[in-house]
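What follows is a set of notes on a single structure, which appears directly below.
The values are calculated or read from the model by the stated rules, or taken from the named source; none is laboratory data. This one's a predicted model, so the numbers in the text were calculated from it and none came from an experiment. Ideal geometry is used to build each Cβ from the backbone, glycine not excepted, and the neighbour counts take in all protein chains shown.
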Amino acid sequence: MSLDIQTWEKWYEEHREEILEDFFQFLRFESIGTDPNYRTQTRECAQWLSEYLSNIGLETTLWETSNQPVVFAQDLRAGKDRPTLMIYHHYDVQPVDPLDLWETPPFEPSIRKGKVFARGAQDNKGQCFYTVTALKAFYQLAETRNFNLKIFIEGEEESGSTGTKEAIEKHADDLKCDAMLCIDSSMFAEGVGAITLGIRGILTTELTLRTADSDMHSGGLGGIAYNPIRALCTILSKCWDEEGKITIPHFYDAVDPLTDRDKQELDLELDEEEMKRKFGLRALSPEPGYTIGQSVSVRPTFEINGIDGGYTGEGFKTVLPAMAKAKLSCRLVPSQNPEEIFQNLKAHLLSHLPKGIELELELDQGSPAFRSSGDSMIAKLTTKAYEEVLGVPCKKMVIGGSIPIVADLSNVTGADVLVMGFGLDTDQIHAPNEHFGLDRFKQGFLTIGQIFKGLNE
């Protein structure tokens, strides 16, 4: 049977009701891997996914870790002379807070205006399930399977992949492959596909400043005790100069300038007015000397992700807090070392800390950036598949987000690695009312199908 687009589309429409039913069941698992309170539900999700892949026809197992298990599946019956493709996904999702901003319950999927609303609808359960659905169709449609397949689905992507890294080290030989697809990225724009040739690395940490053993009355000790929120604001403000450049010592030392090839090959530009309109942005802060598109993709950042201290409830409480906290992160580019950046950040904060204030700062997670080639077999095959499905030229881009485990998998597999996906930056991933268009779910299914077709020839 020919595996052309019409064949894939016919199969999809014939199984549409079953696809949605299984997808919704996948979404109902409260697999918040970062929260220990959801450990049982997250594991149940992994077990369900493992059984689903087994029923398709793959040999499946759960690789146990110190945290959540890895779902690993494979079919090597094509033999050593045929190429081996590995596909990466994750089944864990972000927390749902603030719950009151969800229009419908986050783990009760609903369809509104052609979009599925649920936590994980796009990131990454939606993208995972159109791949799984394409696998199911391939096993039913293909008369022969002429390439080997491995599936790697982790449960800790949203929390640093600590246990997953253990599994990678332990099962390194099982992960060898010729090509790897990480399907956890976005389109260039609605209706326009893109292969992602780079993702930024990440560093996260939590800063705590303490000035006393307990909170104090601001009338009795105000003007005497040093307010830790003030100290926090002071030292964090020293991390940028007046133009917006990051002042952490040696922060930019390993950052390579944009090459002529980067400028020619990568689609880096964004429309400022469109970004303002799309997100209701009032102010922009690109790195001085760079466009917003470059600043959000190929340049490093330092951000304050949250501040906590004192009283923030209803009414007013004239308290002088004993401590203040901030959650901090950096997005890193190739050659930047997360551990070195962390040590330089800590030294910088200490150098501006008022006398007598205690500072605590520990590295939470740190993963390097990743770049790949647009000339590899899998890159060319994926580009062709995008163009066949969407009917427009495929773009090449790098993204500002991070997928911590990809660099580790690249090193262990020895494969040509490519990142791809069908997300849009308006899908509200990590936010209330996350959603994924059913049109893009189907496009993802068809694109994976065309990649399978190309490998099978």
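Is it the case, given these coordinates, that Ala347 is of a type outside the set (Ser, Thr, Tyr), touching a Pro at 6+ places or on another chain (Cβ under 9 Å), not in a loop (DSSP other than H, G, I, E, B) and not assigned by TED's automatic domain parsing to the domain that holds Gly449?
Yes: the conditions hold for Ala347.
Residues that are in the same structural domain as Pro354 (by TED's automatic domain parsing): find the helices (runs of 4 or more DSSP H) completely inside segment 178-283 holding 1 or more of those.
218-221, 228-237
Go through (1) part of a loop (DSSP other than H, G, I, E, B); (2) loosely packed, with under 12 Cβ neighbours inside 10 Å; (3) in contact with a strand residue (DSSP E or B) (Cβ under 9 Å, 6 or more places away or on another chain) for Asn305 and report which single condition fails.
Of the numbered conditions (1) part of a loop (DSSP other than H, G, I, E, B); (2) loosely packed, with under 12 Cβ neighbours inside 10 Å; (3) in contact with a strand residue (DSSP E or B) (Cβ under 9 Å, 6 or more places away or on another chain), the odd one out for Asn305 is (1).
For Val192, only one of the following conditions fails: (1) more than 24 Å from Phe436 (Cα to Cα); (2) surrounded by fewer than 17 Cβ atoms within 10 Å (Cβ to Cβ). What is its number?
(1)
Scan segment 238-252 for residues that are surrounded by 12 or more Cβ atoms within 10 Å (Cβ to Cβ) and farther than 15 Å from Cys330 by Cα and jot them down.
Listed by number, the list holds a single entry, Lys238.
Please pick out the residue among Leu203, Leu181, Leu197, Leu175 that is over 17 Å from the mean Cα position of the chain (by Cα) and on the phi < 0 side of the Ramachandran plot.
None of the other options fit; the residue is Leu175.
For segment 265-313, name all the residues that are among the basic types (Lys, Arg) and over 22 Å from Gly198 (Cβ atoms).
Lys276, Arg277, Lys278, Arg282 - these are the residues of segment 265-313 that are among the basic types (Lys, Arg) and over 22 Å from Gly198 (Cβ atoms).
When segment 217-237 is examined, which residues are found to be surrounded by 14 or more Cβ atoms within 10 Å (Cβ to Cβ) and more than 17 Å from Gly356 (Cα to Cα)?
Of everything in segment 217-237, those that are surrounded by 14 or more Cβ atoms within 10 Å (Cβ to Cβ) and more than 17 Å from Gly356 (Cα to Cα) turn out to be Ser218, Leu236.
Inside segment 409-434, can you point out the residues that are surrounded by fewer than 21 Cβ atoms within 10 Å (Cβ to Cβ) and among the charged types (D, E, K, R)?
Asp416, Asp425 - these are the residues of segment 409-434 that are surrounded by fewer than 21 Cβ atoms within 10 Å (Cβ to Cβ) and among the charged types (D, E, K, R).
Which residues, counting only those in segment 312-349, are within 12 Å of Glu206 (Cα to Cα) and either free of Cβ contacts under 8 Å to residues at least 40 places away in the same chain or small (Gly, Ala, Ser) (or both)?
Result: Ala324, Ala326, Ser329, Lys346.
Filtering segment 299-325 down to residues that are at pLDDT 95 or above and among the hydrophobic types (A, V, I, L, M, F, W, C), which residue is farthest from Asp213 (Cα to Cα)?
Phe302
If only one of Leu181, Leu175, Leu149, Leu232 is more than 19 Å from Ala73 (Cα to Cα) and among the hydrophobic types (A, V, I, L, M, F, W, C), which one is it?
Step by step, each of Leu181, Leu175, Leu149, Leu232 is checked, and only Leu232 is more than 19 Å from Ala73 (Cα to Cα) and among the hydrophobic types (A, V, I, L, M, F, W, C).
Anything in segment 78-104 that is surrounded by 14 or more Cβ atoms within 10 Å (Cβ to Cβ) and more than 20 Å from the chain's Cα centre (by Cα)? List them, or say none.
If the condition is that a residue be surrounded by 14 or more Cβ atoms within 10 Å (Cβ to Cβ) and more than 20 Å from the chain's Cα centre (by Cα), then Ala78, Arg82, Pro83, Thr84, Leu85, Trp102 are the ones that fit.
State which residue is nearest to Trp48 (Cα to Cα) when the search covers only segment 4-19 and only residues that are surrounded by fewer than 19 Cβ atoms within 10 Å (Cβ to Cβ) and touching a residue at least 60 places away in the same chain (Cβ under 8 Å).
Only one residue fits best here, namely His15.
Out of the residues in segment 350-391 that are of a type in the set (S, T, N, Q) and assigned to a helix (DSSP H, G or I), state the one that is surrounded by the most Cβ atoms within 10 Å (Cβ to Cβ).
For segment 350-391, the residue satisfying everything is Thr382.
Scan segment 432-457 and report the pairs whose first residue is closer than 11 Å to Phe422 by Cβ and small (Gly, Ala, Ser) and whose second residue is assigned to a helix (DSSP H, G or I) and at pLDDT 95 or above, with Cβ atoms within less than 6 Å and a gap of 6+ or a chain change.
Gly444/Tyr130
Only one of (1) over 29 Å from Gly163 (Cβ atoms); (2) in the same structural domain as Arg145 (by TED's automatic domain parsing) is not met by Pro354, so which one is it?
With (1) over 29 Å from Gly163 (Cβ atoms); (2) in the same structural domain as Arg145 (by TED's automatic domain parsing) applied to Pro354, the lone miss is (2).
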